[in-house]
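The values are calculated or read from the model by the stated rules, or taken from the named source; none is laboratory data. Keep in mind it's a predicted model, so treat the numbers as computed, not measured. Here the Cβ positions follow ideal geometry from the backbone for every residue, glycine too, while neighbour counts run over all protein chains shown. Heads up: the accessible areas ignore ligands, DNA and RNA and are worked out on the full protein's heavy atoms, side chains in. Shrake-Rupley method; radii C 1.70, N 1.55, O 1.52, S 1.80 Å.
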Amino acid sequence: MQYHLTLPADHDMGIIRRRVETRGHRTDDFPGLGLKAYLIRERGEGSPVNQYAPFYLWHDVGGMSRFLVGGGGFQGIVDDFGRPPVWHWTGIAIERGRGEVPRSATRETTALLEDVDAAVEALHELARDERVHTAALAFDPTGWQLVRFVLWTDEAPGRYQVLHVSAPSLREIPQGRHW
C-alpha cells in the first residue's frame, strides 16, 4: 500500500521530517503491519517534486483496514492533508535482504509479464545484494501491472529517502512466493 502527498515546491520538508521524528514511532507496534517505510522525495535533490510517500507491507488485510478507516494512524494524514488516494496491491512475493538499515527506496511499476515466475526469481536474486534490506513484488489486477518495491541500505539520486522504518511483524510475513 502507498499514498503520495505531493507538496508545494517551496514547502519546508523539515516539517515532514519533524512529523516523522515525533509520530513515526506510533506504528512501531501497529497490529497487522509488516513494515512501514516513511519515505520522502525532495525537489532539486534528484526529484522534480517535494513528496511524502510512505510505503506499507501488511501482514494482514484487517490491519490495513483498521489503519485506514478504523481510527488508526491514517486519521492524522486525513486531518492534516485531506484524504489522498491510496494504492494497494496484491502481494506476490517478499524477500528479506542482507542489509541492516535502509536509507533509500525504489518503487518500479511495469506491465504484468506473462512469466511471473521470472519476476519472482529476479526478486530472489536481487535480495542477495548486500545493499538490499527488503524487496517485495505485488500486482495490480485493475491495470495488470507489477509493482516492485525495494528498501536499500545506500543512497542514490532519484530514490526515495527513508526517514524511519516500523517493522512490527515483518518477520511474520513468509518469504518467497505467496502462493
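Which residue pairs have Cβ atoms closer than 8 Å, lie 6 or more positions apart in sequence or on different chains, and pair a first residue in segment 106-135 that is more than 19 Å from Met1 (Cα to Cα) with a second residue that is of a type in the set (A, V, I, L, M) and open to solvent by 50 Å² or more (accessible area, probe 1.4 Å)?
Close Cβ pairs satisfying both conditions: Ala119/Leu113.
Quick test for you: out of Arg23, Arg41, pick the one residue that is under 22 Å from Phe149 (Cα atoms) and open to solvent by 10 Å² or more (accessible area, probe 1.4 Å).
Arg41
Between a first residue in segment 154-179 that is of a type in the set (Phe, Trp, Tyr) and a second residue that is surrounded by 12 or more Cβ atoms within 10 Å (Cβ to Cβ), which pairs have beta carbons less than 7 Å apart while being 6 or more apart in sequence or on different chains?
Tyr160/Leu39; Tyr160/Ile40; Tyr160/Arg41; Tyr160/Ala53; Tyr160/Ser104; Tyr160/Ala105
Considering segment 1-18 alone, what residues qualify as being assigned to a helix (DSSP H, G or I) and either in contact with a Cys (Cβ under 7 Å, 6 or more places away or on another chain) or over 22 Å from Trp87 (Cα atoms) (or both)?
Met13, Gly14, Ile15, Arg17, Arg18 - these are the residues of segment 1-18 that are assigned to a helix (DSSP H, G or I) and either in contact with a Cys (Cβ under 7 Å, 6 or more places away or on another chain) or over 22 Å from Trp87 (Cα atoms) (or both).
Among the candidates Gly73, Gly32, Gly24, Gly46, which residue alone is in contact with a Gly (Cβ under 8 Å, 6 or more places away or on another chain), farther than 25 Å from Thr142 by Cα and in contact (Cβ under 8 Å) with a residue 40 or more places away in the chain?
Gly46
Which ones in segment 113-148 are among the charged types (D, E, K, R) and either part of a helix (DSSP H, G or I) or open to solvent by less than 10 Å² (accessible area, probe 1.4 Å) (or both)?
Answer for segment 113-148, where residues must be among the charged types (D, E, K, R) and either part of a helix (DSSP H, G or I) or open to solvent by less than 10 Å² (accessible area, probe 1.4 Å) (or both): Asp117, Glu121, Glu125.
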